[in-house]
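Right, one structure below, let's go through it.
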Amino acid sequence: MSARMDGWRPGSGLLPPPGTRLAERTFGQSDLPAIRRLAAAFGARAGIEARRHADFVLAVSEAAACALAYGPCSATLRLWTAGTRALGEIHADEMLLLQGAHGVRQDGAETLRRWILRQVCDDVSVQPGPHGVTVRFSVVLT
């Protein structure tokens with residue numbers, strides 16, 4: 001999924017290891033406040049250090065906003081821990097999420113979201129595909 005867990009590399013497609021804390025939710029535009037609350041609660045339970053907790057919540061919020069930026073749809077958020085990292089994945093079907101390449105015009109808000117994700121996360125991966133786009137990211141717990 002996201003960032004480096006044991007053996008994880010962006011694009012590796014590995015799933016969360018068994019026994020990790022996992023939160024999952026499908027959401028739409030009206031659910032963004034609830035997604036932020038879910039991220040904050042998950043981060044606290046996962047033991048993310050206070051100075052990184054806000055980064056994690058911001059990363060989830062920005063990735064979720066990106067997922068919904070191109071029109072009415074739903075997306076799926078998954079959060080889990082692995083080793084010393086909190087990881088997240090947002091998948092949006094039939095979207096053009098964060099695709100600066102491939103002929104999609106990237107506006108100022110989209111550019112800012114991508115920049116924020118790269119600033120607050122330890123690893124970020126954006127993978128467009130024929131069935132949507134997946135954004136994966138991680139933050140070190142301590």
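Every number in this text was worked out from the coordinates using simple rules, so none of it is lab data. From a predicted model like this one, the values you see are computed outputs, not experimental measurements.
Odds and ends about this structure:
- Added length on full extension, which subtracts the Cα-Cα distance from 0.36 nm per residue, THR142 to ALA44: 34.1 nm
- Residues with amide H under 5 Å from that of ARG85, placed H, sequence gap 5 or more: LEU141
- Segment TRP115-ALA54, extension gain: residue separation times 0.36 nm, minus the distance between their alpha carbons: 20.4 nm
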